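The values are calculated or read from the model by the stated rules, or taken from the named source; none is laboratory data. Fair warning: this is a prediction, and the values are worked out from it, not measured in the lab. We place every Cβ from the backbone using ideal geometry, glycine too, and count neighbours over all the protein chains shown. With ligands, DNA and RNA removed, areas are computed over all heavy atoms of the protein, side chains included. Shrake-Rupley method; radii C 1.70, N 1.55, O 1.52, S 1.80 Å.
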Amino acid sequence: MESSPESGLLSHLQNSLSELGWPGLLAILVGSCIVTRILTGIWSNGPKVEEGQPRLVRTTPYWFPWLGHGLSFVWNHVRLISKARDSMGEPVVGIKLGGTKHSVLVSPSMAKSALSSRNTSSTAMINYALKTVFGDRGPVQELSATNPHLLQLLHHNIPNLFSREPYVTEISNAVCRLIERETPNLVTFNWSPVDQTPWERTCDVELLEGTDKPTCETNLFALIRNHLGHITTTTLMGYAVLENFPNLLPDLWKLDDQFVPLSMGLPRWVLPGTSAASVARARVLDTLTVYQQAFVAWDDGTDPGVKFRDLDDISEPIKERARALKAAGLSPSASAPAHLSLLWAMNANSPNIVFWLLLHLYTNPALLADIRIEIAPFAKAHRPTPAETGFPFLEAARIALDTDNLLESCPLLRASVSETLRLDLAALSFRTLTADLTVTESPEDAALAGRSHPLTYLIPEGESILVPHGVLHTDPSHFSNPTQFDPLRFIQTDPETGKLRAARDTISPFGAGVSACKGRVFAEREILSYTAAIISLWDLQPAGGGRVWKIPGHKQSSAAYLPKKDVRVRLTARV
Ligand code: HEM
């Protein structure tokens with residue numbers, strides 16, 4: 001058989017490589033890295049800037065051909081970009097990720113103006129995450145070409161309902177009632193997993209005997225993640241989904257734990273941790289297929305099947321989205337990745353933020369005591385006595401929450417949430433430019449960075465921009481002692497009333513512009529109410545009853561950090 005020129009070339013290459021052996025291959029690899037570093041170092045000087053003309057973004061030097069800064073980005077993007085900012089000394093620095101250049105905005109004023117520009121789009125990023133993380137094989141991504149109007153509805157207009165009236169009040173009230181009902185049952189003090197709640201079963205709850213008040217030891221992150229995940233998912237997606245599919249959240253956590261490696265889009269065998277996550281994702285997608293199938297039947301007035309008798313308690317934005325998916329002609333299984341992206345968005349950050357916030361508060365008893373005094377009128381906890389109830393046993397504690405006042409009249413709690421969002425979250429806003437973008441830093445940002453006048457940049461249409469909120473939130477020129485937890489940095493005195501209030505305008509933990517987080521209003525209300533309920537009803541100590549806390553390190557995830565290790569705590573009922 002005659003060989004083609006390509007197969008001849010390939011076999012020639014194979015022969016040459018096998019002749020070289022491992023030492024030769026290694027030498028080529030090291031050599032190409034050195035050459036790449038030298039060339040990108042020279043190119044990073046950029047073209048000469050003409051007087052009065054905007055600058056072009058210079059790319060930070062890198063070692064690895066094609067991969068560019070990819071490895072250090074997934075390892076710790078905050079460190080990579082902070083170093084690039086300091087070494088390049090500019091408010092915009094270029095980084096290379098898998099062959100694509102991203103212009104990274106490290107000046108807050110430029111980030112704000114770029115994200116609020118109408119000439120930016122998050123569609124490419126959403127499609128990338130749908131493909132690499134949420135298991136869409138094409139149907140949802142293809143909508144950007146076949147039906148952009150529907151895509152806009154699906155990704156923006158409908159999710160925006162989470163922050164619009166009357167829905168935001170409806171879902172915030174619903175979540176508050178569920179928090180009141182379920183926070184006293186955070187742990188049930190049952191020995192047997194059969195009698196425990198679904199959120200307790202995977203948290204290694206160990207009851208302690210001979211204590212004055214009900215006490216146990218447990219894994220804090222797992223417990224808060226499961227418990228708040230249960231509350232959020234039930235509020236937004238309805239009661240039936242977790243009742244019938246109790247493994248939905250544990251599987252979602254397996255996916256979330258591997259978010260960063262999955263988002264690299266590499267084959268499973270390259271990163272072994274992603275195999276289990278892919279299997280978990282397949283199960284979640286099966287569940288969400290059944291969910292969509294049942295919803296469509298229920299909405300059409302036909303039988304939704306035995307598992308989903310009543311779907312009326314699903315929140316209105318989720319119902320609207322399920323209807324839009326059907327209207328797009330997507331089958332239930334093709335719709336499942338879109339449901340998964342939202343299920344993930346509603347659960348991936350809030351529990352992590354509450355976990356870190358609780359650690360900040362319980363390791364700072366003076367702050368915790370002040371916050372407990374501040375919230376006392378708006379988070380009233382008590383345990384009815386047998387005399388009150390007429391039953392011969394102690395009932396579970398009860399709590400009544402006033403979310404509006406927790407939001408408006410508790411600046412210290414609110415400032416502590418903001419400080420946690422500043423320190424324990426490193427969100428990224430990726431956008432593609434749909435037209436050339438010219439951005440200028442503010443004179444204040446320029447002065448803080450030690451520049452005599454503001455710089456202006458031109459970023460061409462089609463290029464990607466990136467705002468690294470974790471870098472902006474820990475920039476020492478904008479935040480004094482940036483690594484220190486200090487909620488007071490967010491407290492201001494209202495000049496008219498003289499009252500204290502918590503201001504959040506120096507950080508953007510929810511992104512900005514049209515593609516900012518759609519659940520931000522709900523998320524803040526939920527976090528405030530949930531934290532108020534927990535600190536009113538529960539005392540926490542390190543496991544073993546000591547006073548020394550071992551705070552885990554941050555593990556990079558999509559936005560809010562995961563803990564590198566869980567924290568074992570002693571949990572005691574306060575009332
Ligand atoms: C502490 C809690 C939360 C944080 C820190 C957070 C943060 C974020 C961030 C940084 C983004 C990307 C914004 C950008 O690209 O500029 C985002 C997107 C999104 N979030 Fe949240 N989020 C939280 C809770 C929620 C909740 C509870 C929901 C659902 C009710 C939600 C729904 C969404 C949706 C749908 C998007 C996609 C927006 C888009 O691409 O157009 N988030 N979130």
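If packing is taken as the average number of other Cβ atoms within 10 Å across a peptide's residues, how do 391-397, 90-96 rank, most packed first?
Put in order of decreasing packing, that is 90-96, 391-397.
Calculate what fraction, in whole %, of the accessible area of segment 487-575 sits on carbon and sulfur atoms when a 1.4 Å probe is rolled over the protein chains.
C and S atoms contribute 52 percent here.
Say each of Thr389 and Arg164 gets a label point 7 Å from the Cα, pointing the same way as Cα to Cβ; how far apart are those two points in nm?
4.4 nm
At 7 Å along Cα-to-Cβ for each site, give me the label-to-label distance between Gln53 and Glu316 in nm.
Result for the modelled spin labels: 5.4 nm.
Just the Cα atoms of segment 453-513: what Rg and Dmax do they give in Å?
Gyration radius and largest Cα-Cα distance of segment 453-513: 16.1, 49 Å.
Highest mean first, how do 229-236, 493-500 rank when packing is the count of other Cβ atoms within 10 Å averaged over residues?
With the highest mean Cβ count within 10 Å placed first, the list reads 229-236, 493-500.
Of Lys96/Lys555; Lys101/Lys319; Lys131/Lys555; Lys83/Lys112; Lys131/Lys254, which pairs sit farther than 28 Å apart, going by alpha carbon to alpha carbon?
From Lys96/Lys555; Lys101/Lys319; Lys131/Lys555; Lys83/Lys112; Lys131/Lys254, over 28 Å: Lys101/Lys319.
Around Pro386, under 15 Å between beta carbons, what's the net of Lys plus Arg minus Asp minus Glu among the other residues?
Residues near Pro386 contribute 0 overall.
With every protein chain left in place, what is the accessible area per residue of the chain in square angstrom, probe 1.4 Å?
47 Å²
Let me check against my output: what whole-number percent is the relative contact order of segment 420-487, with C-alpha pairs under 8 Å and at least 6 apart?
42 percent
Less than 14 Å Cβ to Cβ from Gly46, Lys/Arg counted +1 and Asp/Glu -1: what total charge do the surrounding residues give?
Neighbour charge sum, excluding Gly46 itself: +2.
Select from segment 308-371 those trypsin sites (Lys or Arg not before Pro) which occupy a DSSP coil region and have at most 13 other Cβ atoms within 10 Å, ordered by residue number.
In loop regions of segment 308-371 (DSSP not H, G, I, E or B), the sparsely surrounded trypsin sites (Lys or Arg not before Pro) are Arg309.
Based on a Kirkwood Rh over C-alpha pairs, give the Stokes-Einstein translational diffusion coefficient of segment 126-219 at 20 °C and viscosity 1.002 mPa s in µm²/s.
The calculation lands on 121 µm²/s.
By average Cβ neighbour count within 10 Å, what is the ranking of 203-210, 252-259 from highest down?
Output ranking for 203-210, 252-259: 252-259, 203-210.
Could you work out the relative contact order of segment 27-148, using alpha carbon pairs under 8 angstrom and six or more residues apart, expressed as a whole percent?
Averaging sequence separation for qualifying contacts and normalising by length gives 17 percent for segment 27-148.
How long, wide and thick is segment 51-92, going by the Cα atoms along their three principal axes, in whole angstroms, largest first?
On the principal axes, segment 51-92 reaches 38, 21, 12 Å in Cα extent.
From Cα pairs below 8 angstrom and at least 6 apart in sequence, can you work out the relative contact order of segment 143-245, rounded to a whole percent?
20 percent
What lysines does Lys499 reach when the alpha-carbon gap must be under 27 Å and sequence neighbours fewer than 8 apart in one chain are set aside?
The qualifying lysines are Lys380.
Pop out the Kirkwood hydrodynamic radius of segment 511-553 from its pairwise C-alpha distances, inverse of mean 1/r, in Å to one decimal.
13.5 Å
What net charge is computed for the residues neighbouring Ala174, neighbours being all others with C-beta under 12 Å from the C-beta of Ala174, Lys and Arg scored +1, Asp and Glu -1?
Summing Lys/Arg as +1 and Asp/Glu as -1 gives -2.
For the chain, place one equal point scatterer on every Cα, skip the solvent, and apply the Debye formula. What is log10 of I(q)/I(0) at q = 0.09, 0.13 Å⁻¹?
-0.78, -1.46
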